[in-house]
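Everything on this sheet refers to the single structure shown next.
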2 protein chains.
Amino acid sequence: MSGFGDRLAEAVERRRSQVVLGLDPHPERIPGEVDAAEAFCAALIDAAGPACVAVKIQLACFERYGAPGWAAWERLAARAADAGLLVIADAKRGDIGISSAAYAAALLREPVDAVTVNPMLGDDGVAPFIAAAEAGGRGVFALVRTSNPGAAALQDLPLADGGLWHEALAALVAGWGEPSVGVSGLSAVGAVVGATVPERIGRLRDLMPGQPFLIPGVGAQGGQVADLGPAFAPGPGGGLVAASRSLMFADDPARAAEELRQAVAAVAEG
Amino acid sequence: MSGFGDRLAEAVERRRSQVVLGLDPHPERIPGEVDAAEAFCAALIDAAGPACVAVKIQLACFERYGAPGWAAWERLAARAADAGLLVIADAKRGDIGISSAAYAAALLREPVDAVTVNPMLGDDGVAPFIAAAEAGGRGVFALVRTSNPGAAALQDLPLADGGLWHEALAALVAGWGEPSVGVSGLSAVGAVVGATVPERIGRLRDLMPGQPFLIPGVGAQGGQVADLGPAFAPGPGGGLVAASRSLMFADDPARAAEELRQAVAAVAEG
């Protein structure tokens, strides 16, 4: 069984895309109940999916509907997998070890290929996710520098040793991912790095040479694909550009996804 | 409508307890499927609940069963509320603003009284939880210094200004909670502080004078009630001692909970 890094690189080559379709059916965007959110997302997978390599399902949007919401995201994950897309559960979970193991058991199973995790609790909070992921050829993406305006307050705090807090975190993430680096050069342990801080991406790539970067923040949040060059340095799969609002609300989501696919390819291969 | 800080103080006075019953039915502890986990927790609420002020439901243990698990924890929450206990959803969620708002909508509703949140994303990641909580007389507990062995690697990093990272976080949490401090002196914004680092609790109490502390780590993780004195300084509700394994696996959970209640009261009032 190939590790997630190699599976990701292979999927990017096969689909010729490093675009991730974000499924974030917030109720103020998609009125109605869970059925409406599910139908909207299903149509979006069908339309925009062909230009993408993966979907990223924002679990918050489904949890708010309780048990029926949970069942809905599982059906969407299966639909995306049937369409040949990788499935990333955007859960941002993190807890002490035994509880992280339970979250890992909940999330890292068919048809999910990878999960986002919050690493604030440190090694023993993340290790159960990594172990469960690697056992199944799956991956994790640890938050390193998020895309939101308030991220700097804690993630960019200057450390006594001269670096920033998220740089120390990046070094930890690189260490966690070292054992699972595959022939592609990519690890099963990736990093979430916001497109809204392009000035940090080169430094983060230096600190995490083998991590696939999952990059939110392009489009509505203000990030520009043209600024993401160093993210793609490891080759296919090194940088995954996640887009949600810009695809959900495009007049023609299929076309918008294809245009983003081409824009990412131009930077990644340029 | 009273704010959560005052509701908490009132509940502690009414029940004469600052013990929180942790419901963590990990499958290696409670074999079987979700029905077995639910039945075990229901019996534990009935037995140990009378000596407690709240239950803390570890959502990881229920998410692993998918949609049926979600329905199970909601039933347990209702059972605890019917027994006069406050309900804390131990979810440790945190995301960018719009997604945090969705998690808040999912979790901060009847019969849940408070939710744990991960503050790594900063103000705009936590604000939607606080807004939703305050609107309903509910509360949040932000992770500040967790009880697990690996917590130090990121949470205790020394900052350029001379403090530690979690102390900067504590100051932020105090600021977030300042507007909701009630007549009891307690805020709707509390803090998770591990009993495994008693040497930090005095400093954290100085930094967060109005935060209720939710304190895991007593018992199986090695924390001692006798070391928690400063946590209780604000009076009733200032320190909530969460116990899980030591109550779940006691020969007599009712008696174990009552003994812990008395031990906490002796330190809190001592």
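None of the figures in this text is laboratory data; all of them are computed from the coordinates on show. Predicted model only: the values in this text are computed from it and were never measured. As a convention, Cβ positions derive from the backbone with ideal geometry for all residues, glycine included, and neighbour counts pool all protein chains shown.
Tabulated results
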| read-out | value |
| --- | --- |
| Sequence-distant residues sharing a close amide H with B:R93 (under 5 Å, placed H) | B:N118 |
| Estimated D of chain A in µm² per second, where Rh is the Kirkwood radius over Cα pairs and Stokes-Einstein applies at 20 °C, 1.002 mPa s | 118 µm²/s |
| Top positive-direction residue, dipole computed over segment A:128-233 with Cβ charges, set A:P179, A:G136, A:F213 | A:G136 |
| Other copies of A:G235: label-to-label distances in nm, shortest first, labels 7 Å along the beta-carbon direction | 6.7 |
| Mean shadow area of the protein assembly as shown, taken as a quarter of the surface of its Cα convex hull (nm²) | 22.2 nm² |
| 5 angstrom amide H check on A:G139, placed H, neighbours 5+ away | A:A114, A:V115 |
| Distance in nm between pseudo-label sites at A:Q262 and B:R109 (7 Å out along the Cβ direction from Cα) | 4.3 nm |
| Cleavage-rule hits (GluC sites (Glu not before Pro)) in segment B:102-209: DSSP loop, at most 11 neighbouring Cβ within 10 angstrom | none |
| Segment B:87-200: C-alpha gyration tensor shape, a/c 1.5 cut-off, then a/b vs b/c | prolate |
| For chain B, built as a Gaussian network whose Cα springs stay under 10 Å, the top-fluctuating residue of B:V140, B:V197, B:V87 | B:V197 |
| Inter-probe distance in nm under a simple model that places probes 7 Å from Cα toward Cβ, at A:R255 and B:M1 | 4.6 nm |
| Debye intensity ratio in log₁₀ form over the Cα atoms of segment A:186-229, taken at each q of 0.30 Å⁻¹ | -1.08 |
| Distance from segment B:171-236 to segment B:106-161 (C-alpha centre basis), Å | 13 Å |
| Candidate lysines for bridging to A:K92, where Cα separation is under 19 Å - those fewer than 8 sequence places away on the same chain excluded | A:K56, B:K92 |
| Footprinting exposure proxy for B:H166, B:H26 (fewest neighbouring C-beta atoms within 10 Å first) | B:H26, B:H166 |
| Of the GluC sites (Glu not before Pro) in segment B:1-104, those whose Cβ has at most 14 other Cβ within 10 Å and which sit in DSSP loop | B:E28, B:E33 |
| Segment A:185-270: mean projected area of Cα convex hull, nm² | 5.2 nm² |
| Relative contact order %, segment B:4-269, counting alpha carbon pairs below 8 Å whose residues are six or more apart | 22 percent |
| Tail fraction, Cα-Cα pairs, segment B:22-104, threshold 19 Å, whole percent | 38 percent |
